[in-house]
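Every read-out reported here was derived from the displayed coordinates using simple, explicitly stated rules and does not represent laboratory data. These numbers were taken from a predicted model, which means no experiment stands behind them. Cβ sites come from the backbone with ideal geometry, for glycine too, and all protein chains shown count toward neighbours.
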Ligand code: NAD
Ligand code: TYD
């Protein structure tokens, strides 16, 4: 690995991954990161302000769309790319329900474009690592876990587009023998997550004393993983994973949404009580998920024994400490928060009012 293209490196997990990599012991002086990002509403160069200058020469940013064949071809050759770690995607389920087109375009066609360019240069390539989600497996009932052999059964346009991209990666491994790996991970949380996803949205609303829109009765379950643990898992796979294999990554941390929201309320009440001294749990408002999230998956849970046994990976951060760190991070970074909220705040405002939102995912 010398010239690593990271797609979507200005997004939530991508920016955390770049920060992780630049200080990882295996990241050597002669290695370079080429961060390729379209800078959609979810992509912010400011998320890397602390590292982009400090690692000048080892970190390069290129503003480009992964769907644009010509630009991507130039980047592959100009920077002599030998490794790809592919994060770039449209990633929010609610948006995929309202405007699925961008999800099909970026998640499917964008991945296809990268795979084609990678295949054409296969001989000089080290690895294509594809970052995917557990949502490709669909929804679990009360029992059971997703393993690497669980059949795909995606429910939303987001998860269907990610499932499609996973299938393309597998087809390219099978048909063209490209060196590639895939990871399917559960819900991440941590610094730099766009405040449209459950945890950062609730942190910021609760901090400001705004309503906390919990879908349905808040009984749906997600398996939470601190983003740094996910980054470590991806890097392990890139270094020591077996070509052609898929690895599930999870947090062993199943929580009902309502419990997550109550934890956020209680931590914030301790850190920064509301002026009225009102407990923040009173801000919770149950909203009809048939309107905001039709087809709402009930439960996700990951069996990560394969990566644990084969690569020795397991989550390190507990949900309690990870959530406290995350809340503190959002309180400490008001500039970043107001910057990203300006970008597509109108979408969120109208979404929660049940109005037709503007198109942002373009
Ligand atoms: P994100 O929405 O925060 O960031 C996506 C990034 O991709 C942004 O920087 C955006 O500008 C960029 N991008 C979008 N379209 C692009 C295009 N056409 N060309 C180039 N760049 C483009 O997403 P995230 O939460 O960081 O997720 C990253 C990846 O991890 C995704 O593939 C997602 O499916 C996967 N994943 C996410 C989670 C999670 O909990 N967030 C869990 C498992 C897997
Ligand atoms: P989200 O963060 O959008 O991740 P995903 O749907 O991809 O798992 O949502 C996590 C859970 O939280 C999901 O069950 C939907 C729920 N949710 C709410 O209750 N209210 C909200 O405002 C949001 C964004 C999500």
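Please report 252, 77 as a ranked list, fewest other C-beta atoms within 10 angstrom at the top and most at the bottom. Walk me through the numbers before you get to the answer.
Numbers: 252 17, 77 11.
Ordered by Cβ neighbours within 10 Å, fewest first: 77, 252.
For 281, 124, 95, the sequence from fewest to most other C-beta atoms within 10 Å is 124, 281, 95.
Remark on segment 122-178: hydrodynamic radius 12.7 angstrom, per the Kirkwood mean of 1/r across alpha carbon pairs.
A crude spin-label estimate for the pair residue 278 and residue 68, with each label 7 Å from Cα along the Cβ direction, gives 4.7 nm. From least to most packed, judged by other beta carbons within 10 angstrom and beginning with the fewest, 202, 109 follow the order 109, 202. Using a Debye calculation, one point per C-alpha and no hydration shell, please list log10 I(q)/I(0) for segment 127-255 at q = 0.21, 0.23 Å⁻¹ in order. Log-scaled intensity ratios, in q order: -1.34, -1.48.
The convex hull built on the alpha-carbon positions of the chain has an orientation-averaged projected area of 16.9 nm².
Segment 173-232 and segment 128-154 have Cα centres spaced 15 Å apart. For segment 1-66 and segment 295-362, what is the separation of their Cα centres, given in Å? So the two Cα centres are separated by 19 Å.
Axis of helix 111-120 versus longest Cα principal axis of the chain: the two differ by about 20°, to the nearest ten degrees. Spin-label model, residue 116/residue 256: points 7 Å from Cα along the beta carbon direction are separated by 4.9 nm. To the nearest 10 degrees, how steep is helix 334-352 against the longest Cα principal axis of the chain, on a 0 to 90 scale? For 334-352 against the chain, the angle is about 70 degrees. The simple spin-label model puts a point 7 Å past each Cα toward its Cβ; for residue 296 and residue 217 those points are separated by 1.1 nm. With R₀ set to 22 Å, the beta-carbon distance separating residue 26 from residue 54 gives a calculated FRET efficiency near 0.75.
Between the Cα long axis of helix 319-332 and the first principal axis of the chain there is an angle of about 80°, rounded to the nearest 10.
Using just its DSSP H runs of length 4 or more, each adding -39500 (n - 2.57), the chain gives a mean residue ellipticity at 222 nm of -12000 deg cm²/dmol after division by all residues.
Hey, how much of the P(r) for segment 29-113 falls beyond 15 Å, as a percent of Cα pairs? Let's see the in-between values first.
Working: 2244 of 3570 pairs.
It works out to 63 percent of all Cα pairs.
The stretch between residue 77 and residue 266, if pulled fully straight at 0.36 nm per residue, gains 62.9 nm over its current Cα-Cα span. Comparing 341, 29, 308 in a Gaussian network model of the chain (Cα springs below 10 Å), the most mobile by mean-square fluctuation is 29. Over all pairs of different C-alpha atoms, segment 242-340 has a mean inverse distance whose reciprocal, the Kirkwood radius, equals 17.0 Å.
Volume per residue for segment 49-204 equals 143 cubic angstrom (convex hull of Cα atoms). Test of understanding: in a Gaussian network model of the chain with alpha carbons linked when under 10 Å, which of 309, 340, 287 would top the mean-square fluctuation ranking? Largest GNM mean-square fluctuation: 309.
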